[in-house]
Structure formats: C-alpha cells, structure tokens
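S.K.: Dumping the structure here so I can ask a few things about it.
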Amino acid sequence: MSIAVIDFYDSLVLYPAIIIPDLSHFQPILFFFNQLLGIVCLLFALTYPFLWHRQEIKSRADSALRHAWFTGIIRYWLAVEIFNYGFAKILGSQFDPSYYRSDSLWNSLSGPDLTWNFFSYSYAMSVILAGFQIVGSAFLLFRRTTLLGVILLLPVMLNIVLIDIFFSLPGGALLNAVLFTLGLSYLLLLQWSAIKEFFKSSRSKLPAIRLGGTKNLIRLLAAVYAFTFIYYVTTTKASPELTGKWRVDQLVRNKDTARTNDWMKDSLSWKNIYLEDYGRATFSPNPYLVETERSTTGHYIYTKPKQTIRFVLNSRASATDTLYAVVTMVNAGHMQWKMIRDKDSVSLMLSKVPENLHH
C-alpha cells in the first residue's frame, strides 16, 4: 500500500508539475514532499504491521475494515495508473509516430525504438489494447467487478512486463509494469478460494464421450503431430553455407561487366543477394539498403548434389520468372553463379557478408 500511495502522489501531483510549464515553479517543493512522503511510507510499512498485530491481540483492531481500506487504495491506484496508459494510447502520447525512426534501418534501432515502431504501425491495435486497459481499470473501481477487471488486465500486464524485459525498455517503465502486475496478482489471490470453487463447479453440461484410453492417446497425438510437423519444417531449411547476405563482387551479363554505379539506373545490376533459411530470395541493386520497389524477390530451391539453385521470382512482366543457377563453391564464403535469364547469360561472383557486419 505504501508503494501505491507514493505512486499516486507522483502520478497525480508530481508528474503534472514536471510536464506542464505553468506548474514548473512548484517542482522544488513537490520534490521535497515526494522525498518526505517516501520516508513516511517506509516507516509506515516497517512499523504499522507490528502495531496492527498488537491491537489485534488486545481486540482493538477492526482488521476487516482496515483490510478493506488498504485493498481499496490498491484498486484505485491500479485503476488510475492503468487508465493513464490506456488513454495515452488513444490520444497519441504513447506509440506516437517518430520521423527519425521512420527513416532508420530497423537493425540500427534500439529495443525501445523497435517496440514503439511496431505498436505505432497500427492505431487500431493500440486502441484495442487501450480498450482492455480502460475497461479493466473501470471494473477495478467497483468491488463486485474487481475480479473481472483483474482477469482482463493481468494478461495484458504480464505481456507488457515480458516486452519491457526482452526489448530492454527503460527501468522505470519495467518497474511500473512489475508493480502493476504484482498489485493485480494480489487482488487475484484475494479471490483464490472463489476461483477454485468456480473451476470445480464449472464442468461442461454436455454428456461425456467415452473412449477409454483412446482419448488420452488422441490428446498425445495432437501434440506429437504439431511438434513433428514443425520439426520437419525446421530440418528442411537451406544449408547454412548457402543462406545469408551475399555481396556481388562481379556481375557479367552477356560478357559485359557491370560498372560500379550501374545499380543507380539499372535494377538488374544487383549489389546484394539475400538467401533466407526457408527459401526466400531477394536481389537488391542498392548496396546500402533494400528498396522494395527496385528489388526482385522470390523463392529458391537448392539441389546440393547437382549444385543448382532453382529460382521462382516475382516478375513485373509476368506472374513468375523461373531461372536456374549453376553454383560453384570457390571456397568458404565465396561462390560463383552462372545462369540464363530470358536471353541473357549472367555470371556472378559472390562473397558472403559476415553476420556481425549486417548491422
């Protein structure tokens, strides 16, 4: 409860004074009260449990009423704080678009910037998340709907905690998410006996299907099938010696060697070729980044015994464009392709770009 009181003060009093210019002259005294409140709440948390326990021994404490007060403060604290995050998404102060992030390469962005880019892509998605937060917070304000509010909010907050951890969001954001999750978990545990009774009494009213041990076998097969299929997919990906980013060191078309700057006018003067694990191929003329409009994309199948690659490319001129490349592995990290495309004979000398240089 002490944490809730301090966070209440910071959100309702201190934070507005920080972001509203007209209130900035109140900041020194408000920061002083913030420190004073922190000390008072710490002393309260350390001493009040002992005082309460002593009063209970002497039958002088109405513990149920005090517990109701403390729980109410926690409910209102969570509601106010999560309300803020919900309305921030709708009104655009959270997941707001960024001009510099829009012009940045994704692998140059930090975890927080990637997170913001991802969620700011769809305003509708942000509004849906905000809806869960706002409706759930509203339910927390009423005792009868507290459990429903917790059920709506706890999965959302757990997901936010994981995002904050694994995408390296600032410590303050992570701390808030963890505190809100702990507060919601506390409210959930208060109803634990009721939850257990609910699951005990909520058996399906439909008649049971009697299959004996076959039912358990079907359950097991459902999981085994999914695992086996995905395992097969993961083991059929292309060889690591082939996949990766390949720099085109030399491109010769009909005995005419491409010049250094031909890529600026000729989209078929490739500078980089990207071969992904599961058969996607991208031929990029731009040596610095992939331009969607100028790049050629498609899929490939590598036949190792024959040392050939079959490409099925998405062509603007026709539905698909199929071509074959005969591969010569010169040495580790270097290979040569010879192919025929339309009426052109094309020879490529390629060097694999180490992964640590991609970023």
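The values are calculated or read from the model by the stated rules, or taken from the named source; none is laboratory data. Worth saying up front: this structure is predicted, and the values here are computed from it rather than measured. Glycine gets a Cβ as well: all are built from the backbone with ideal geometry, and neighbour counts include every protein chain shown. Calculation scope for accessible area: heavy atoms of the full protein, side chains included, ligands and nucleic acids excluded. Shrake-Rupley method; radii C 1.70, N 1.55, O 1.52, S 1.80 Å.
S.K.: Given the conditions (1) in contact with a helix residue (DSSP H, G or I) (Cβ under 9 Å, 6 or more places away or on another chain); (2) loosely packed, with under 12 Cβ neighbours inside 10 Å; (3) part of a helix (DSSP H, G or I); (4) not β-branched (V, I, T), which single one is not true for R60?
M.R.: It is condition (3) that R60 fails.
S.K.: Look through the stretch 243-273, keep the residues that are aliphatic (A, V, I, L, M) and part of a loop (DSSP other than H, G, I, E, B), and return whichever of them is farthest from A325 (Cα to Cα). Spell out how you get there, then give the answer.
M.R.: Taking the stretch 243-273 first, the residues aliphatic (A, V, I, L, M) are 248, 251-252, 258, 264, 268, 273.
Pick out the ones that are also part of a loop (DSSP other than H, G, I, E, B) and you get 258, 268.
Numbers: A258: 18, L268: 16 Å.
Across the stretch 243-273, the extreme among qualifying residues is A258.
S.K.: Out of curiosity, is L182 free of Cβ contacts under 8 Å to residues at least 12 places away in the same chain and either touching a Ser or Thr at 6+ places or on another chain (Cβ under 7 Å) or over 30 Å from F87 (Cα atoms) (or both)? Show your work before the answer.
M.R.: Details: free of Cβ contacts under 8 Å to residues at least 12 places away in the same chain: yes; either touching a Ser or Thr at 6+ places or on another chain (Cβ under 7 Å) or over 30 Å from F87 (Cα atoms) (or both): no.
So L182 does not fit the description; no.
S.K.: Condition first: out of contact with any Gly (no Cβ under 8 Å at 6 or more places or on another chain) and open to solvent by less than 40 Å² (accessible area, probe 1.4 Å). Can you find one or more residues in the stretch 44-54 that meet it? Steps first, please.
M.R.: Step one: of the stretch 44-54, the residues out of contact with any Gly (no Cβ under 8 Å at 6 or more places or on another chain) are 44-54.
Next, from what is left, pick out any that are open to solvent by less than 40 Å² (accessible area, probe 1.4 Å): none.
The answer is no; no qualifying residue exists.
S.K.: Based on what the data block shows, is I73 under 34 Å from the mean Cα position of the chain (by Cα) and open to solvent by 40 Å² or more (accessible area, probe 1.4 Å)?
M.R.: Spelling it out, I73 is indeed under 34 Å from the mean Cα position of the chain (by Cα) and open to solvent by 40 Å² or more (accessible area, probe 1.4 Å).
S.K.: Right, something else. Those residues that are open to solvent by less than 70 Å² (accessible area, probe 1.4 Å) and among the polar types (S, T, N, Q), I need them from the stretch 79-123; list them, please. Outline the logic, then answer.
M.R.: The initial filter retains those residues of the stretch 79-123 that are open to solvent by less than 70 Å² (accessible area, probe 1.4 Å), namely 79-83, 86, 88-90, 92, 94-96, 98, 101, 104, 107, 109-117, 119-120, 122.
The answer is Q94, S98, S104, N107, S110, T115, N117, S120, S122.
S.K.: What pairs can you find where one residue is in the stretch 35-58 and farther than 28 Å from L14 by Cα, the other is polar (S, T, N, Q), and their Cβ atoms are less than 8 Å apart, with a gap of 6+ or different chains?
M.R.: Taking only residues 6 or more apart or on different chains, the pairs are W52/S63; E56/S63.
S.K.: So, one more: Taking S351 as the residue in question, decide whether it is small (G, A, S) and either open to solvent by 40 Å² or more (accessible area, probe 1.4 Å) or more than 30 Å from D103 (Cα to Cα) (or both). Outline the logic, then answer.
M.R.: Details: small (G, A, S): yes; either open to solvent by 40 Å² or more (accessible area, probe 1.4 Å) or more than 30 Å from D103 (Cα to Cα) (or both): no.
The answer is no for S351.
S.K.: Right, something else. Name the residue that is surrounded by the fewest Cβ atoms within 10 Å (Cβ to Cβ), counting only residues in the stretch 274-289 that are in contact with a Leu (Cβ under 7 Å, 6 or more places away or on another chain) and assigned to a strand (DSSP E or B).
M.R.: A281
S.K.: From the residues in the stretch 290-315 that are open to solvent by 70 Å² or more (accessible area, probe 1.4 Å) and not β-branched (V, I, T), which one is nearest to L348 (Cα to Cα)?
M.R.: Here the answer is R310.
S.K.: Something else: Any idea which of L206, L189, L179 is open to solvent by 80 Å² or more (accessible area, probe 1.4 Å) and modelled with pLDDT of 90 or more?
M.R.: Details: L206 fails: modelled with pLDDT of 90 or more; L179 fails: open to solvent by 80 Å² or more (accessible area, probe 1.4 Å).
Of L206, L189, L179, the one residue that is open to solvent by 80 Å² or more (accessible area, probe 1.4 Å) and modelled with pLDDT of 90 or more is L189.
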